[in-house]
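Q: Questions regarding the structure given below will be posed in turn.
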Amino acid sequence: MEKEIQDLEQINKIIDTLFSVLPVYLLVNGKSQIVKIITNTSQGLVIKPPAVVPKGDKRVLTITNSGSVYIFIFKKLGSQAGYELLKPVQASTKKAHRETERFDLSAGNFRVFATNIVKQGEIGKYLSGDSAKVSSITKNALAKIKHKFSDVKIYVQERQDHIMRLLSNYDKAIFIPDADKPELVTEDYVPYNEYVKLKSTYKNTEKYRSEIAFPIKYRNYTLIGYIHVLHKEPLELDAFNLIKLSSSNIKRELQNTGIVQFSKEICNISDISESGLSFIHPPSILNNKLFITSEAILLDLVFSEEHKVTVRAIVRNITAQEKDFRIGCQFYPQNELEMQAVREFLISKTKQDLEAKDSHITTH
């Protein structure tokens, strides 16, 4: 039974609580497409929509939480530089049900498994708990680049500051080649008008003319820090690429230290679809840290020796079996492109099933 929510204050409370921690989808031509939530303001909700958007100003966004689907109706107030500003109109809830077919992999020729599993919310805590190793890595990285710029700092921290929040919201780096020429800031970077709001919080930075803030992301998903550059002269793209390379090196070294504890169990995939999967995990002392309903995990999906992809998923249910645990998850990608590897696997699985069916018909 569907329940309507028309109180805008209640709708905004749900948006503030859930939209930043759960996958949000936009209905486009009858299909759900992942959207990036930027921020919820007094003017409305700012989103980064997919490449194809619905015609007109009506936007339907959905999330799933605790067995219920929330359906939000928004009106588009405007768009700029690929972002949309939406005003909530009404919302409703109904019981959730699986909308996409899952392929059963418990039997058959497909050997797909999950491994290297970690709860996303624990990554920052692990890094904070071994500050000596983290400091050693960042100091070595800083020594290689600090002579090239007026001021450079490297931050790895659990709590987000103003810069980290902006990097997280837009999922882009800050690059101001020349503060006197804002037109040089392209759509590849945090919008200049948002940067100006950030700069108003700075102190004693008037002497600097250019700036870079490049994110450091654990396994390309979890923002754990950033490299911050301030320079007295304009900067070229070569400088930006140098900081990008340094960030990549820091990320790799942090991942290789073993500071972050994750499950290396080889977990067989029970079933999989475009929307989610389930896998079998044995009992472990890490289970209580790894698997909590409605919280995000990172895992490597291994389709073959040559084909592995890191994905993020929300734990939806945990079922105790005779010896192991079945973990049911909903995919939580950053964008639609990240699901391409899963789609390619499902296409190959469908093709093999059809060929097997045709072969069975022919032989009988």
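The values are calculated or read from the model by the stated rules, or taken from the named source; none is laboratory data. What you see is a predicted model; the values in this text were computed from it and never measured. For neighbour counting, all protein chains shown are included, and Cβ atoms are generated from backbone atoms with ideal geometry for every residue, glycine included.
Q: Which count do you get for residues in region 40-61 that are among the polar types (S, T, N, Q) and surrounded by 16 or more Cβ atoms within 10 Å (Cβ to Cβ)? If you could, list the steps in order and put the result at the bottom.
A: Taking region 40-61 as the starting set, the residues that turn out to be among the polar types (S, T, N, Q) are 40-43.
Next, only the ones that are surrounded by 16 or more Cβ atoms within 10 Å (Cβ to Cβ) stay: 40.
Final tally of qualifying residues: 1.
Q: Filter region 21-39 down to residues that are over 19 Å from His97 (Cβ atoms) and out of contact with any Lys or Arg (no Cβ under 9 Å at 6 or more places or on another chain) and give me whichever is surrounded by the most Cβ atoms within 10 Å (Cβ to Cβ).
A: Residues of region 21-39 over 19 Å from His97 (Cβ atoms): 21, 26, 28-29, 33-39.
Now narrow it down to the ones that are out of contact with any Lys or Arg (no Cβ under 9 Å at 6 or more places or on another chain): 21, 28-29, 33-34.
Numbers: Val21: 16, Val28: 18, Asn29: 9, Gln33: 17, Ile34: 20.
Filtering first and then ranking leaves Ile34.
Q: Name the residues in region 328-351 that are in a strand (DSSP E or B) and in contact (Cβ under 8 Å) with a residue 60 or more places away in the chain, would you?
A: Gln330, Phe331 - these are the residues of region 328-351 that are in a strand (DSSP E or B) and in contact (Cβ under 8 Å) with a residue 60 or more places away in the chain.
Q: Among the residues of region 117-152, write down those that are out of contact with any helix residue (DSSP H, G or I) (no Cβ under 9 Å at 6 or more places or on another chain), free of Cβ contacts under 8 Å to residues at least 60 places away in the same chain and among the aliphatic types (A, V, I, L, M).
A: Ala132, Ala143
Q: Name every residue in region 299-308 that is part of a strand (DSSP E or B) and over 14 Å from the mean Cα position of the chain (by Cα), in order of residue number.
A: Asp300, Leu301, Val302, Lys308
Q: Kindly indicate whether Asp151 is surrounded by fewer than 16 Cβ atoms within 10 Å (Cβ to Cβ), out of contact with any His (no Cβ under 6 Å at 6 or more places or on another chain) and modelled with pLDDT under 95.
A: No.
Q: Kindly provide the set of residues from region 6-20 that are outside any helix (DSSP H, G or I) and either crowded, with 17+ Cβ neighbours inside 10 Å or among the acidic types (Asp, Glu) (or both), ordered by number.
A: Asp7, Phe19
Q: Would you say Asp180 is over 26 Å from Leu142 (Cα atoms) and surrounded by fewer than 19 Cβ atoms within 10 Å (Cβ to Cβ)?
A: yes
For (1) touching a strand residue (DSSP E or B) at 6+ places or on another chain (Cβ under 9 Å); (2) in a loop (DSSP other than H, G, I, E, B); (3) farther than 16 Å from Ala173 by Cα; (4) modelled with pLDDT under 90, each residue gets a yes or a no:
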{"position": "Tyr208", "(1), (2), (3), (4)": "yes, yes, yes, no"}
{"position": "Ile212", "(1), (2), (3), (4)": "yes, no, no, no"}
{"position": "Asp238", "(1), (2), (3), (4)": "no, no, no, no"}
{"position": "Gln255", "(1), (2), (3), (4)": "yes, no, yes, no"}
{"position": "Leu277", "(1), (2), (3), (4)": "yes, no, yes, no"}
{"position": "Ile297", "(1), (2), (3), (4)": "yes, no, yes, no"}
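Q: Among the numbered criteria (1) without any contact (Cβ under 8 Å) to a residue 24 or more places away in the chain; (2) under 20 Å from Tyr170 (Cβ atoms); (3) small (Gly, Ala, Ser); (4) out of contact with any Leu (no Cβ under 8 Å at 6 or more places or on another chain), which one does Ser79 miss?
A: Condition not satisfied by Ser79: (4).
Q: What residue, of Ile259, Ile250, Ile272, is crowded, with 16+ Cβ neighbours inside 10 Å and modelled with pLDDT of 95 or more? So that I can check it myself, show each step before the final result.
A: On the way: Ile259 fails: modelled with pLDDT of 95 or more; Ile272 fails: modelled with pLDDT of 95 or more.
From the options Ile259, Ile250, Ile272, the qualifying one is Ile250.
Q: For region 244-271, which positions are in contact with a helix residue (DSSP H, G or I) (Cβ under 7 Å, 6 or more places away or on another chain) and either aliphatic (A, V, I, L, M) or on the phi > 0 side of the Ramachandran plot (or both)?
A: The answer is Ile250, Leu254, Ile259, Val260.
Q: Right, here's the next one. Considering only residues that are over 18 Å from Ser273 (Cβ atoms) and touching a residue at least 24 places away in the same chain (Cβ under 8 Å), look in region 309-327 and name the one that is farthest from the chain's Cα centre (by Cα).
A: Here the residue is Lys323.
Q: Moving on to the next point. Can you list residue pairs whose Cβ atoms sit under 9 Å apart, with the first residue in region 87-106 being over 11 Å from Ser68 (Cβ atoms) and the second being of a type in the set (Phe, Trp, Tyr) and at pLDDT below 70? Count only pairs 6 or more apart in sequence or on different chains.
A: Partner pairs satisfying both residue conditions: Phe103/Phe110.
Q: Hey, Tyr195 hits all of (1) at pLDDT 95 or above; (2) crowded, with 19+ Cβ neighbours inside 10 Å but one; which does it fall short on?
A: Exception for Tyr195: condition (1).
Q: For region 230-247, which positions are closer than 17 Å to Asn140 by Cβ and surrounded by 15 or more Cβ atoms within 10 Å (Cβ to Cβ)?
A: Of all residues in region 230-247, those closer than 17 Å to Asn140 by Cβ come to 242-243, 245-247.
Scanning region 230-247 gives Leu242, Ile243, Ser246, Ser247.
Q: Given the criterion among the β-branched types (Val, Ile, Thr) and farther than 24 Å from Asn40 by Cα, identify the matching residue among Val229, Val190.
A: Val229
Q: Check Ile224 against each of (1) part of a loop (DSSP other than H, G, I, E, B); (2) surrounded by 13 or more Cβ atoms within 10 Å (Cβ to Cβ) and name the one condition it does not meet.
A: (1)
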